[in-house]
Amino acid sequence: MKIDGKIIRLTSAEITHLWNTYLNDSGNICHLEHELHNAEDEQIKPMIQHALGISKSHIKKVKELLNKEGYPVPHGFKLDEDVNTTSPRLFSDVYALIAINQLGKMGLNAYSMALPVAVREDVYTFFSDCLRESDDIIKKSNELLLSKGLYIKSPYLPTPENFDFVEKKSFLAGYFGEKRPLTGNEITNLYTNFQRNALGSATMIGYSQVADKNDVTEFIIRGKDIAQKHCEIFRSYLNENDLPSPMTWETEVTDSTTYTFSDRKLMFYCTALTAMSVGYYGTSISMSPRRDIGTMYSRLIGEILKYADDGAKIMIKYGWLEEPPRALDRDEIAKKNKGF
């Protein structure tokens with residue numbers, strides 16, 4: 001791209017976020033095309049079509065931006081390689097709507113990180129549009145969930161008589177003695193982390209039924225067990241404070257075992273969910289003054305980092321892990337054609 005006769009190259013940050021967008025949206029297209037083929041609810045079907053159209057537009061725009069720079073377009077995921085769109089439904093229409101709502105929230109998070117590091121006007125405009133589209137997906141899916149009585153609201157808090165300041169160091173405690181009630185931030189994070197893990201558990205139940213390779217099936221089942229365990233941990237903190245916990249979505253998974261998605265796509269989605277959980281848990285630590293809660297999240301992060309590492313090893317084993325944009329290996333270049 002030229003501005004005032006000067007060539008403005010894409011930065012490492014811009015290329016990386018464009019690359020990630022392509023992989024994520026190409027995977028979303030596979031999932032949404034299958035959901036659309038099986039959708040029966042006449043209110044939910046347009047929502048699936050809307051989300052699918054947005055993902056397709058992202059793929060087109062990222063291709064244009066990368067081709068303009070002569071930068072290779074990722075392989076990503078393809079309809080003729082990674083999904084059987086005509087296979088029986090794996091998830092219900094209710095699951096599809098909840099997943100689209102969560103898709104919008106994940107997009108909001110991803111694009112809010114991409115936008116501040118976008119320098120070029122065309123890239124900035126693209127990610128700005130992506131943010132607006134994610135907001136639109138959340139708004140429309142929220143309205144539909146509310147109209148169907150499916151929206152799970154976080155708990156309400158009592159109205160205090162006045163503002164107050166913390167006077168005791170016990171506000172930070174949590175290991176011994178009396179524990180103070182949860183703050184609004186702590187409740188919000190426990191609640192939303194429960195919701196994400198509940199959806200992740202349902203997703204992995206479905207994925208485990210249609211996976212082909214034994215080690216992939218075992219990996220996904222392990223992920224489902226981890227998600228369910230984390231839900232129970234978050235539920236226990238909420239219950240201690242006499243707060244309700246969200247519902248789970250396992251009943252929205254069918255009993256289909258017909259090939260639906262490639263193992264490569266299943267593994268990508270599972271590891272992507274895990275990576276996002278690390279970020280969400282890290283944010284939760286920063287917003288949880290009670291020491292026992294921070295320690296709990298740290299322990300859970302360690303567990304899912306080990307799970308993600310094992311997933312990466314499986315993907316490398318089968319040649320499924322597409323290498324992300326990276327810096328040059330100067331030592332490798334120096335040794336090339338010099339007998340090393």
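What the table below lists for this structure:
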| quantity | calculated |
| --- | --- |
| Solvent exposure, largest accessible area first (probe 1.4 Å, DNA, RNA and ligands not counted), of ILE233, ILE285 | ILE285, ILE233 |
| Approximate spin-label separation LYS78-ILE221, in nm, with each point projected 7 Å along Cα-to-Cβ | 3.3 |
| FRET efficiency for THR258 and ASN162, using Cβ-Cβ distance with R0 set to 51 Å, rounded to 0.05 | 0.25 |
| Average accessible surface area per residue within the chain, 1.4 Å rolling probe, Å² | 53 |
| Whole-angstrom gap from the stretch 60-100 to the stretch 249-327, using each part's C-alpha centre | 19 |
| Distance violations [Cα-Cα > 23 Å] among LYS45/LYS148; LYS139/LYS224; LYS265/LYS317; LYS68/LYS140; LYS63/LYS317; LYS78/LYS229 | LYS139/LYS224; LYS68/LYS140; LYS63/LYS317; LYS78/LYS229 |
| Percent accessible area from carbon and sulfur atoms, the chain, protein chains only, probe 1.4 Å | 55 |
| Distant-in-sequence amide H partners of PHE91 (H built 1.01 Å from N, under 5 Å) | THR254 |
| Along the chain, longest interval not containing exposed trypsin sites (Lys or Arg not before Pro), exposed being DSSP loop plus at most 10 other Cβ atoms within 10 Å | 169-325 |
| Nearest-0.05 FRET efficiency for ASP331 and ASN109, computed from C-beta distance (R0 45 Å) | 0.80 |
| FRET efficiency estimate (nearest 0.05) - Cβ-Cβ, TYR124 to ASP212, R0 45 angstrom | 0.60 |
| Probe 1.4 Å - accessible area at THR125, Å² to nearest ten | 60 |
| Cross-link partners of LYS179 among aspartates and glutamates (Cα-Cα below 12 Å; sequence separation of 8 or more within a chain) | GLU240, ASP292 |
| Length-normalised contact order for the chain - Cα pairs under 8 Å, 6+ apart - percent | 19 |
| Inter-label distance for GLU42 and ASN239, nm, one decimal - labels placed 7 Å from Cα along Cα-to-Cβ | 4.3 |
| Area of SER208 that stays accessible when all protein chains are in place (1.4 Å probe, Å², to 10) | 30 |
| Exposure rank, largest accessible area first [ILE221, ILE138; 1.4 Å] | ILE221, ILE138 |
| Given [x] 67, 47, 45; [y] 59, 41, 38; [z] 60, 56, 38, the label whose value is Cα extents along the principal axes in Å derived from this model | [x] |
| Relative contact order (percent, whole number), the stretch 241-340, Cα cutoff 8 Å, 6+ residue spacing | 24 |
| Rounded if a/c under 1.5, otherwise prolate or oblate - the stretch 1-91, Cα gyration tensor axes | prolate |
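The values are calculated or read from the model by the stated rules, or taken from the named source; none is laboratory data. Nothing here was measured: the structure is a model prediction, and the numbers come from that model. With ideal geometry, Cβ positions are generated from the backbone for all residues, glycine too; neighbour counts draw on all protein chains shown. Note: areas computed on protein heavy atoms with side chains; ligands, DNA, RNA excluded. Shrake-Rupley method; radii C 1.70, N 1.55, O 1.52, S 1.80 Å.
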